[in-house]
Structures are given as C-alpha cells and as structure tokens.
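Peer 1: The following block contains the structure, expressed as structure tokens.
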Amino acid sequence: MKNIAIVHEWLTSVGGSEKVVETLLCTLNIKKIYTLVYHAENFSNSVISKFPIETSFIQKIPFGKKKYRSFLPLMPLAIEQFDLSDYDIIISSSHAVAKGVLTNSHQVHISYIHTPIRYAWDLYFQYLSEGNLEKGVKSIMARLILHYIRLWDYAAAQRVDYFIANSKYVARRIKKTYGREAAVIYPPVEVEKFKVNAKKDNYFLAFSRLVPYKKIDLIVETFNKLNLPLVVIGDGPEMSKIKKIAGKNIDLLGWQPDEVVKDYMEKAKALVFAADEDFGIIPVEAQACGTPVIALGKGGTSETVIDGETGIHFNEQTVESLSDAISRFLKFEDKFDPYLIRKNAERFSKTRFQNEIKNYLNMIIEKHF
C-alpha cells in the first residue's frame, strides 16, 4: 500500500473543491493533509477534521488566518515549504497554488485541477476592472504581482507528473495555459441526497453566491423584463445591488439552510444558471431533483446539461439571449421528463467518482511502482 498525502490550497469553508477532498479521503490511503490555512471551526462535521493537518507559515503570521487572500504573493513560497518526502504519491487539489508543491524523482505528483488560477489567466482583465485596479499605483502593484504569479504558476505546472481536470472545459484550459494534457474525471455530486418531484410549482429558481461572475444581476434583469416569478437564494457582496434592481415578481431569500434549498430546488419549474463555470455542481443537483436547467451553453454546464433533454442552453450572457432561452423553455416545458433528467445527473455520482479515481490511481501505481 502506497503512502499518499493530499495538498489543498486552504480549508476555510466546505465548498465544491472541499467535497472533492472529503471524497478522496474516504476513497484512498491518504495519511495527511497539507494546506496553507485551516479554519478548524468550520469542519467539525467533516471527515477532514479526522485527519492530521499541517498548515503553512501564513496561518501563523498576524492576520494570516483571517486575511489569507491578501497574502497571495507569499503563497508560492509557502506551498513550496511543505516537506512531502515521506510519501510515495502526492495528490494536489488545486484552484490556485497547491500544484506547486516540491516533489522528488521517486515520487508521483497527480494534480486534480478545479481551474487554472482564473484571476491570473482567464479573468485577469475582469479582475482588474471589478477591483477598480485599472489605473494608479494599486493597479501597477496588482499587475506586477499577477505577472509574477503567472510566471511561477506556469513553472509549477511543469513539475506535475499527471493532471486530472474536473471537466473537458478545464482540460482545454490546462492545455492552453500550461501546454499539458489532462485526463477528465468529473467531481462527485451527492445526487442520492435529492429526490425527484414531478409536480413543479410556478416559479423559477436562481441559487448561488452573489458574486459578479455568477451573473445573478443578469438573471434578475431578465425576469424583470419578462415579469415571471423568480426565487433567488444566496448571499454575498452583490446583495445590495440585487435588492435595488429586483422587481416585485422576485423573492430574495438570502442565505438558506440546505433543507430549504433542497425543497425549493425540487419544486422549481426550472433552475436558471448564467455563470461560466469550470464544472458547476448546482445544475447537477437540480437535475437530480428532476428539475430542468436553463444554463449558459459554455463551460462546465455545456457538459452537464443536455440541450433540449435536461434543459435549455443560451449562448451569451445577455438579457436577450437568456430571455430567448426562457421563452423556448416555456414552449416545451411539459415535454421535459423529470426521471430522464434525474438519470443524467446520476452520471456525476459520488460512487462513479470514487471508482474512476481508484482505477486511475491503480494505473499510475502499476506504471511507476
């Protein structure tokens, strides 16, 4: 049995990438977790809390634990300080710097990529615009830091032995950004937690963190125009903006517990999802409820939502494009089969992920050990 360590950027809350880590811990012979920063108080109910965890020097410096994102320039140095020499296999779960750990010639490093660093690559100019960093001294500093991050990130990627991408979309971006090929293993979705509700209520649902790239403002503007009932669940920095533009046909529920979200998702006429996501777990969860998804036909949702069968795609993040998709949905909504939609979601189950990861790892072990 080979000794395995897992490296994850930061463990501060349980999101999609942390669910991947949890599943890996339950599937493989992992001995220890390495992470830049760990908020133990948020993982008391997670399997992660049962494993030895080593944090970086960022955890220990003043304000490092709370303001860790502000220490981006130190993260490449911090991730390279982990001594992983006791392990045969290192698996990095990476959306930023975790893939940059140092390994030796006797070890195998497999990096599961949730995304290349978006704010340094794909969303660089959008990041500068949204952060008001297009001009001035702060702009110069941000551009220099991100230039350094890009140089380091490319070099770090060349040290990885094998890449796994969480979607074909991310695999293409790995090829474009790092010049490396990647296998595709979709992340685990707990589809068994959801049940099909064939009887739908008269509302559409948007469920997301309220951050700019999720485009909840676009969804709200579209439903204002169409005067159709929309329920929005989620909170974040965009909440005040959303409140200002939401019409009377829109219910803003803010943050809600999982059971409430599940109930709304099971009964919704359709989930509306406008983000350009790397994978996108929420649209798969909606389909596990037998709920069709009106989704951007780019990124991960182009792979998880089947146009005309489990939902409707729209091509541009505009009111016009989304309006057209909603109109098309309303013409054919009675033809969507909730049980066929559920079957599509089962392609992304936790069991499927575990089997694919074990098979992939066995292939690597047979080749190298």
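Peer 1: Between the helical axis of 350-368 and the dominant principal axis of the chain, each derived from Cα atoms, what acute angle in degrees is found, rounded to the nearest 10?
Peer 2: Relative to the chain, helix 350-368 is tipped by roughly 30 degrees.
Peer 1: So what is the relative contact order for region 191-348, in percent, with contacts set as C-alpha pairs under 8 Å and at least six apart?
Peer 2: Working: 325 pairs, mean separation 40.2, N = 158.
With pairs under 8 Å counted, the relative contact order is 25 percent.
Peer 1: So, one more: Counting only Cα atoms, I'd like the Rg/Rh figure for region 1-133, Kirkwood definition for Rh. Working shown, then result.
Peer 2: Details: Rg = 15.0 Å, Rh = 15.4 Å.
In region 1-133, Rg relative to Rh is 0.97.
Peer 1: Moving to a separate point now. For LYS31, give me every one of the aspartates and glutamates with a C-alpha distance below 15 angstrom, ignoring sequence neighbours fewer than eight places off in its own chain.
Peer 2: Within the straight-line limit of under 15 Å, LYS31 reaches these aspartates and glutamates: GLU22, GLU54, ASP83, ASP86, ASP88.
Peer 1: Also, I was wondering about something else. Which GluC sites (Glu not before Pro) in region 257-336 pass both tests, a DSSP loop state and at most 16 other beta-carbon atoms within 10 Å? Before the final figure, lay out each step's value.
Peer 2: Numbers: sites: GLU259, GLU266, GLU277, GLU285, GLU303, GLU309, GLU316, GLU320, GLU333; in loops: GLU277, GLU309, GLU316.
Here the GluC sites (Glu not before Pro) that fit, given the DSSP loop and packing criteria, are GLU309, GLU316.
Peer 1: Could you pull out every one of the lysines with an alpha carbon less than 26 Å from that of LYS335, ignoring same-chain neighbours closer than 8 positions?
Peer 2: LYS193, LYS195, LYS199, LYS200, LYS225, LYS262, LYS267, LYS269, LYS298, LYS343
Peer 1: Still on this model: Tell me the angle of helix 168-178 to the major Cα principal axis of the chain, expressed in degrees between 0 and 90 and rounded to the nearest ten.
Peer 2: Computed tilt is about 40 degrees.
Peer 1: How high is the relative contact order of region 237-294, in percent, counting Cα pairs under 8 Å that sit 6 or more residues apart?
Peer 2: Numbers: 32 pairs, mean separation 18.6, N = 58.
After rounding, I find 32 percent.
Peer 1: Now, a different point. Two decimals is fine: what is log10 I(q)/I(0) at q = 0.14 Å⁻¹ for region 191-348, from a Debye sum with one equal scatterer on every Cα and no solvent?
Peer 2: -0.60
Peer 1: Below 15 Å, Cα to Cα, which aspartates and glutamates can LYS175 reach? Residues fewer than 8 away in the same chain don't count.
Peer 2: ASP122, ASP153, ASP161, ASP278
Peer 1: Which loop trypsin sites (Lys or Arg not before Pro) in region 45-136, with loop taken from DSSP, have no more than 11 other Cβ atoms within 10 angstrom of their Cβ? Could you put the intermediate results ahead of the total?
Peer 2: Details: sites: LYS50, LYS60, LYS65, LYS66, LYS67, ARG69, LYS99, ARG118, LYS135; in loops: LYS60, LYS65, LYS66, LYS67, ARG118, LYS135.
Qualifying residues, ordered by number: LYS60, LYS66, LYS135.
Peer 1: While we're looking at this one, here's another question. Taking amide H positions as placed in the peptide plane 1.01 Å from N, state which residues far from SER92 in sequence (5 or more) or on other chains have amide H under 5 Å from it.
Peer 2: So SER92 has HN proximity to VAL7, ILE110, SER111, TYR112.
Peer 1: Calculate the dipole size of region 191-348 relative to its Cα centre from +1 charges on Lys and Arg beta carbons and -1 charges on Asp and Glu beta carbons; express the result in debye to the nearest 20.
Peer 2: On the way: 22 positive and 25 negative charges, 76 e Å.
I would put it at about 360 debye.
Peer 1: Taking every pair of alpha-carbon atoms in the chain, what share in percent sits in each 10 Å bin, from 0 to the bin with the longest distance?
Peer 2: Histogram of Cα-Cα distances, whole percents per bin: 5, 22, 31, 25, 13, 2, 0.
Here, each number is a calculation from the coordinates, and none is a lab measurement. The structure displayed is predicted, hence computed values, not measured ones. All Cβ positions, even for glycine, are placed from backbone atoms using ideal geometry, and neighbour counts span all protein chains on display.
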